[in-house]
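The structure appears below as structure tokens.
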Amino acid sequence: MKNYTNLILAGLVIVLAAALVGVLTYVKNQPAEERAVQPLVEIAPMEPDSSKWAVNYPNQYDSLMKTKTNNIDTTYGGSSQFSWLERDPRQVILFAGYPFSKDYNDDRGHINMLEDVRATKRLNLNDEDPKHTPATCYSCKSSDNPGLWAEMGMEAFDKMSFNEMTPNINNTLGCANCHEAGTMRLIVTNPALEEAFERQGKDWTTFTRQEMRTVVCANCHVEYYFKGDGKYLTFPWDNGTKVEEILAYYEEAGFKDWVYPETDTPMLKAQHPEYEFFTADSTHYKAGVSCADCHMPYTRDGAAKYSSHDVHSPLLNAEESCGQCHTDTEYVVRRVNTIQEQVATTKITTEDAIIDAINAIKAAVAAGNADPALLDQARKLHREAQYMWDIVSAENSTGFHNPEYALKILAESTNRARQAQMLAAQSIGDTSLLTTGTYYATPTP
């Protein structure tokens, strides 16, 4: 009799546990809902002035303001706006013929975005020049944008020049870029992101709140390009968000950012693909971790619990960020450093391979007797190798957001660069072009 009782009790425990798991899973996977708030003041829809939101949410606003003066560097990144061209002179060669070879600074905190985009030497502000900078470059720099997009549409916005749009842009990045006024719901505000999801058959309004704590970052932290004469902001996700799928998209579209001097290679410049990188089956993403969990950890001010908006590297406050899940944060920091050192070292090796390919293709072109088919294959591999390297280089984690993916991409990039070098040498029958380690060659301005 006692055995039967034990079996019945064990069965009840199993049933109750299964029911609890089911309820928790159901709750976690519910779409993000509007949360009832009782604001001290009403905030107008898409209000661009974040200081008005601060009346209701002072802790969030005050922490956001800290990004203006947070200029602390980590080993491989940070917020001090150091020059990548000075830190890694190879990039002057890699981006020769493109504005990034003249000015390529690491990003400062969010509040500095508007000031920094207006100050960069990459801008071409001559409106008489057909290559003038488009207003599209303001897309991720201001909380005025959601209202402007709603009023005029993104197509009209992007067709304007940077100079023409400037009088309409008065506020740096802020609350309206991520939140719905009144409910504080996390929302997609960038039309390019919404359109990219639509083309993938996805409806972001059905995503859970935890999913949205990553998706809102994709309003800006993504790969993109300016499509057509209207410079229409577009995310190249139609084939998928993996690097090979994005390369295939650009190939099908016949798109190039610039032509590399003396090689005639149609080149691509990666932007800052944190979202694509992190969501490519990374360990943390598969575990349900969001961008905000690490970069905007929950903190307390007395009885108030809020998500810090002082967005920066988790390495600067590992106890608050990593300590939410990991008990041994010292080990975590050491592990991050090991991963980043490996990726950073591999990245330099890849850069050397690409520059060897560039020098070989230059020599083959200059010879004047290259086999055109082999030379075109070399150019194609140069384009692919450099874009794959740039996907890792431009992504702001030195590989940590997805270490295995980063090293896999760099290995394939190196492989394609060496193939390009070999084909260039074969195109003119000159084995001396197989020399390696020649990155000190003088770059083309």
Paramagnetic reach from residue 286 (point 7 Å along Cα→Cβ, amide N under 19 Å) across segment 324-364: 326, 336, 339
Theoretical gain in end-to-end length, residue 435 to residue 41 [0.36 nm per residue, Cα-Cα removed]: 135.0 nm
Relative contact order of the chain, pairs being alpha-carbon contacts under 8 Å that are 6 or more residues apart, as %: 16
Span from the segment 170-224 Cα centroid across to the segment 372-429 one, whole angstrom: 32
Least to most buried among 118, 199 (fewest other Cβ within 10 Å first): 199, 118
Distance between segment 101-161 and segment 303-327 - C-alpha centres, whole angstrom: 31
Distance between modelled label sites at residue 248 and residue 116, nm, 7 Å Cα→Cβ extension: 3.4
Of 136, 265, 74, the one that fluctuates the most in a GNM where the chain has Cα springs shorter than 10 Å: 74
Greater than 29 Å apart at Cα, pairs in 141/380; 202/347; 131/408; 256/362; 102/347: 141/380; 202/347; 131/408
Proxy reagent accessibility, fewest Cβ within 10 Å first, across 175, 294, 220: 294, 220, 175
Neighbour-count ranking [beta-carbon atoms within 10 angstrom, fewest first] of 413, 139: 139, 413
Label point distance in nm, residue 408-residue 124, each placed 7 Å from Cα along Cα→Cβ: 3.8
Extension gain (nm, one decimal) between residue 331 and residue 62, 0.36 nm per residue minus Cα-Cα: 93.7 nm
Within-12-Å neighbourhood charge of residue 415 [Cβ basis; K, R +1; D, E -1]: +1
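Here, each number is a calculation from the coordinates, and none is a lab measurement. All of these numbers come straight from a predicted model, not from anything done at the bench. As a convention, Cβ positions derive from the backbone with ideal geometry for all residues, glycine included, and neighbour counts pool all protein chains shown.
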